[in-house]
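First up is the structure itself, then whatever we jot down about it.
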Amino acid sequence: MSIQEHVNTVKETIAAAARAAGRDPGEITLCAATKVQTDDTIRQAIAAGIAVCGENRVQELTAHLAAGAYAGAQVHFIGHLQTNKVKQVVGKAALIHSVDSQRLLQAIDSQAGKLGLVQDILLEVNIAGEESKGGCTPQEAEELAALAEGMDHVRLRGLMAIPPVSPEPGANRPFFAAMRQLFVDIKGKMAHNQDDMDCLSMGMSGDYADAIAEGSTLVRVGTALFGPRPPMTKQ
Ligand SMILES: *Cc1c(COP(=O)(O)O)cnc(C)c1O
């Protein structure tokens with residue numbers, strides 16, 4: 001199948017999952033996870049109707065930006081972000097999905113301040129409490145949200161999670177439901193920026209229909225659009 005066919009299929013699946021949940025398909029953003037893809041493949045995906053690309057690695061983001069590969073789309077940063085690489089991402093990514101510590105939050109606010117802009121961010125929550133994964137605890141997310149609200153150069157748009165890759169269909173639904181509840185709780189506690197909280201980033205190739213059933217507003221899909229990738233090495 002061509003990228004165009006994959007994009008069409010994924011969009012149809014998203015729309016069907018939304019309708020099955022009584023939701024408007026227009027509420028859900030498809031973000032193409034473009035890690036390891038070439039400039040050319042990214043351009044093809046955008047020509048096929050992808051409006052948001054998500055990058056994991058600063059190096060790939062920088063190279064694709066330099067090549068103009070994202071022309072016609074937005075780019076988000078969805079991978080683990082080291083504080084010392086914040087400069088290469090702030091002001092370049094429309095949304096940073098992976099904020100999970102006070103130190104990183106402060107570094108983003110400070111860099112955005114230097115550039116005179118407001119950086120949109122999500123807090124990444126390690127909702128399954130997995131040792132090996134990034135993301136903060138739900139409790140820390142509440143604290144970080146309160147901190148972010150007091151900052152001039154970040155705008156908290158919502159939450160993101162990467163639950164375990166599970167062989168069982170439907171196994172991640174409780175994690176997605178817990179994320180949805182946390183999102184509602186955090187939004188409810190915000191003093192004045194509740195309206196900015198409009199993004200719940202969850203769901204990947206294996207489980208995006210379930211994530212949509214549980215309230216996802218943005219799904220990050222790689223394999224179902226581009227086919228299998230070689231395994232990732234640690235950054
Ligand atoms: C790779 C990646 C995805 C997409 O994964 P697939 O299973 O290939 O759809 C989504 N989110 C993040 C953060 C990723 O690194």
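Determine the alpha carbon to alpha carbon distance for each of Lys35/Lys87; Lys85/Lys114; Lys11/Lys187 and list only those over 18 Å.
Working: Lys35/Lys87 20 Å; Lys85/Lys114 15 Å; Lys11/Lys187 28 Å.
Pairs exceeding the cut-off: Lys35/Lys87; Lys11/Lys187.
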Fill in the blank from the handout: In the chain, taking the dipole from +1 charges on Lys and Arg beta carbons and -1 charges on Asp and Glu beta carbons about the Cα centre, the listed residue (Val58, Gly79, Pro174) farthest towards the positive end is Val58
Handout entry: Of Ser101, Pro164, Ala191, farthest towards positive along the dipole that unit charges on Lys, Arg, Asp, Glu beta carbons give segment 100-235
Key = Pro164
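Mind sorting Ser205, Ser132 by how few other Cβ atoms lie within 10 Å of their own Cβ, fewest first? Don't skip to the end; give the middle numbers.
Working: Ser205 17, Ser132 6.
Going from sparsest to densest Cβ surroundings: Ser132, Ser205.
Using +1 on the beta carbon of Lys and Arg, -1 on that of Asp and Glu, and nothing else charged, what's the dipole of the chain about the Cα centre, debye to 20? Write down the numbers at each step before the final one.
Numbers: 21 positive and 27 negative charges, 108 e Å.
Dipole about the Cα centre, nearest 20: 520 debye.
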Fill in the blank from the handout: Surrounding charge for Ala141, neighbours by C-beta under 12 angstrom, Lys/Arg +1, Asp/Glu -1, total -4
Handout entry: Karplus-derived 3J(HN,Hα), 6.51/-1.76/1.60, for each residue of segment 126-141, Hz, glycine and proline x
Key = 7, 6, 9, x, 7, 3, 7, 10, x, x, 9, 7, x, 4, 5, 4
Practice task
Please report Rg over Rh for the chain, where both radii come from the alpha carbon positions and Rh follows the Kirkwood definition.
Solution key: 0.94
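Given the rule -39500 (n - 2.57) for each run of at least 4 DSSP H residues, summed and divided by the residues of the chain, what is its mean residue ellipticity at 222 nm, to the nearest 500 deg cm²/dmol? Write down the numbers at each step before the final one.
Numbers: 8 runs with 89 residues, N = 235.
Dividing the helical sum by the residues of the chain leaves -11500 deg cm²/dmol.
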Practice task
Give the percent of DSSP beta bridges with both residues in the chain that are antiparallel, rounded to the nearest 5.
Solution key: 0 percent
Fill in the blank from the handout: From fewest to most C-beta neighbours within 10 Å, the residues Met160, Met1 line up as Met1, Met160
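The numbers here are math on the coordinates, done by the rules we state, and not lab data. In this text the structure is predicted, and so the values were computed from the model without any measurement. Cβ: placed from backbone, ideal geometry, glycine included. Neighbour counts: every protein chain shown.
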